[in-house]
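The values are calculated or read from the model by the stated rules, or taken from the named source; none is laboratory data. None of the values given here were measured: they were computed from a predicted structure. Cβ placement follows ideal geometry from the backbone for every residue including glycine, while neighbour counts extend to all protein chains displayed. Surface areas here come from the heavy atoms of the whole protein model, side chains and all, with no ligands, DNA or RNA. Shrake-Rupley method; radii C 1.70, N 1.55, O 1.52, S 1.80 Å.
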Amino acid sequence: MEKMQRPVYILGIESSCDDTGAAVLADDKLLANIVANQEIHRKWGGVVPELASRAHQQNIIPVVEAALHEAKISKADLAAIAYTRGPGLPGSLLVGGSFAKGMATALGIPLIGVNHMQAHILAHFIREDRPIPEFPFLCLTVSGGHTQIVRVDGPLVMTILGETQDDAAGEAFDKAAKIMGLPYPGGPIVDQLAQTGDPHRFVFPEPKAEGFNFSFSGLKTSFLYLIKKEEKLDPEFLMKHKEDLAASLQFTIVKILINKLLAASNATGIKRIALSGGVSANSGLRRAIEGLSTEGYETFIPPFAYCTDNAAMIGITGWFAYQKGIRSEITESSQARLPF
Ligand code: KG4
Ligand code: ZN
């Protein structure tokens, strides 16, 4: 009888921003994915780094214990610990990184430092009942901190073709939402409001950015100026038009993203397109990407749970690195601006 091979169990730890996550994978299959969201930032209108580090410190042990419990394995079964080494907030990264090092040392197992942006992309490879992109493909990674078009030639072979020169796409949503007086993070609320608004009611100028790069800071400024100008004529303008403002803003952001993505696809001849990062939860962007599949593109959109920050994506990246024999030094440090 053929001997069953024991799976490689990887613990993934994510703490780059304001979500504390732990996940357990058996090879490329997900057994548990726990995320503790930090509500504390809501009342401050954005992530407060100092408060984020403290909350990570409170959450990290319960989150890891919950993941192991849900996966029904013990610490002794783990083959390696993968953690987010960067990019991210320095204080937040330090909490997850220090915890991962301590646990890996205590268990005598390898430590694997993971790039958070690569992990967002590799979330597509968590094995489930859905198609997985073949190589090469282009990935549009859109989050609160980053906006990138990446050429992916292998699990850990990635090239950034373009990225934002200032604000990220998620930041553009969140900052515009803040101007509208909406709580943080405003992206999902703008998405909600946009459902019943007219996307062509207001027109915002498209930014100029070289090549496949992006720029979103001008959009926030023209959004603010439009509201200020109109409020001089009608103090109730914002309240009366919030749906149309949200829909027009979303339409503009999605158009900017899709135009650059298509330009990158034309230039590389790659028609396989994937979406990742927190903003891929946006319904307008999902619709636009899905629409491309009727125009000869092969498109891949991850399930909601893998769009926003999570540790499952760190675990799958760790699994790929583990297979390749990649191990981190215990002396390595977290890097707020970790390159690919
Ligand atoms: O990837 P993520 O969870 O964290 C970062 O690494 O930044 O992304 C969070 C970002 C926030 O800016 C949030 O407003 C945005 O994703 N976001 C959305 C939606 N859901 C989350 N933006 C627009 N529409 C949404 N439905
Ligand atoms: Zn992220």
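What ranking, highest mean first, results for peptides 98-110, 163-175 when packing means the other Cβ atoms within 10 Å averaged over each residue?
With the highest mean Cβ count within 10 Å placed first, the list reads 163-175, 98-110.
What dipole magnitude, in Debye to the nearest 20, does the chain give about its Cα centre under +1 on Lys/Arg Cβ and -1 on Asp/Glu Cβ?
Numbers: 32 positive and 36 negative charges, 54 e Å.
Rounded to the nearest 20 debye, it is 260 debye.
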Accessible area of the chain belonging to carbon and sulfur atoms, whole % at 1.4 Å probe: 54
Cβ charges +1 (Lys, Arg) and -1 (Asp, Glu), total dipole of the range 135-302, debye: 80
Accessible-area ranking of ASP27, ASP18, ASP129, largest first, probe 1.4 Å: ASP129, ASP27, ASP18
Selection of GluC sites (Glu not before Pro), the range 41-143, meeting DSSP coil and at most 16 other Cβ within 10 Å: GLU128, GLU134
Mean Cβ neighbour count within 10 Å, used as a protection proxy, ranking 333-339, 311-317 highest first: 311-317, 333-339
Three principal axis lengths of the range 135-302 [C-alpha, angstrom, descending]: 53, 29, 25
Derived scalar couplings ³J(HN,Hα) [the range 14-25; Karplus, 6.51 cos²θ - 1.76 cosθ + 1.60; whole Hz; x for Gly, Pro]: 10, 8, 7, 9, 10, 10, 9, x, 9, 9, 10, 10
Amide H within-cut-off set for GLY86, under 5 Å, with H built and near neighbours excluded: VAL114, HIS116, GLN335
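Ranking request for peptides 176-189, 196-209: highest mean number of other beta-carbon atoms within 10 Å first, then the rest in descending order. Numbers along the way, then the final one.
Numbers: 176-189: 19.9, 196-209: 14.7.
Packing proxy ranking, top to bottom: 176-189, 196-209.
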Separation of alpha-carbon centers, the range 50-94 and the range 289-333, rounded to whole Å: 18
Per residue solvent-accessible surface (Å²) - the chain, probe of 1.4 Å: 45
